[in-house]
């Protein structure tokens with residue numbers, strides 16, 4: 001299979017090695033599908049629905065997801081760089097994030113203002129990501145790399161950062177409560193507190 005068809009439904013399929021770069025897919029539904037080793041770089045997905053799907057070892061760099069909906073979707077060992085996640089159609093009320101990531105590269109993407117409670121970013125590269133104004137309560141950032149990522153007015157209540165590296169979070173400008181951090185990286189949280197001076201021995 002070398003292309004994806006618009007205005008159709010894919011049920012219970014494994015899409016292995018599909019190459020469809022810079023293409024366009026309109027109003028297509030994927031139910032219980034597994035994408036393995038697929039290359040969709042710069043493809044435009046418009047008003048598509050992804051339900052109970054997995055992307056494994058795929059290239060999704062710079063894809064467009066305008067008005068797409070996601071439910072119980074996992075991205076594993078996948079490149080998903082430069083994606084504007086705000087463009088998707090997100091449910092208004094959710095108890096847990098409809099998307100999760102594992103060992104994936106998500107650099108230069110934006111999640112501004114999204115409600116993604118309990119989202120997982122385990123072992124992911126999250127360089128230069130915009131998380132401002134998002135609700136990431138109970139999010140799992142374990143073992144993630146967060147170089148130059150921005151948190152501002154972000155809800156990080158009960159989030160986990162154990163094993164995460166290179167993050168800079170101003171605890172006076174974000175919502176922190178029962179949030180888990182590990183040392184020595186956690187010392188970076190003290191730099192924005194004027195009453196505390198860190199001294200190297």
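The values are calculated or read from the model by the stated rules, or taken from the named source; none is laboratory data. These numbers come from a predicted model, not from an experiment. Quick reminder, even Gly has a Cβ in these numbers, built from the backbone with ideal geometry, and neighbours come from all protein chains shown.
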Check: Which pairs do you get when a residue that is within 23 Å of residue 112 (Cβ to Cβ), found in the range 165-186, comes within reach of a residue that is surrounded by fewer than 16 Cβ atoms within 10 Å (Cβ to Cβ) and at pLDDT 90 or above, reach meaning Cβ atoms under 6 angstrom, with the pair 6+ apart or on two chains?
Finding: 166/147; 173/152
Checklist line | Output for the range 145-166, where each listed residue is closer than 16 Å to residue 110 by Cα and assigned to a loop (DSSP other than H, G, I, E, B) | finding: 146, 147, 148, 149, 151, 152, 153, 154
Margin query: Of the residues 66, 92, only one is closer than 21 Å to residue 134 by Cβ, touching a helix residue (DSSP H, G or I) at 6+ places or on another chain (Cβ under 6 Å) and assigned to a loop (DSSP other than H, G, I, E, B); which?
Written below: 66
Notebook entry, point to check: How many residues does the range 69-82 hold that are touching a strand residue (DSSP E or B) at 6+ places or on another chain (Cβ under 8 Å) and assigned to a loop (DSSP other than H, G, I, E, B)?
Noted result: 5
Margin query: Looking at 112, 56, 94, can you tell me which residue is closer than 23 Å to residue 154 by Cα, surrounded by fewer than 19 Cβ atoms within 10 Å (Cβ to Cβ) and in contact with a strand residue (DSSP E or B) (Cβ under 6 Å, 6 or more places away or on another chain)?
Written below: 112
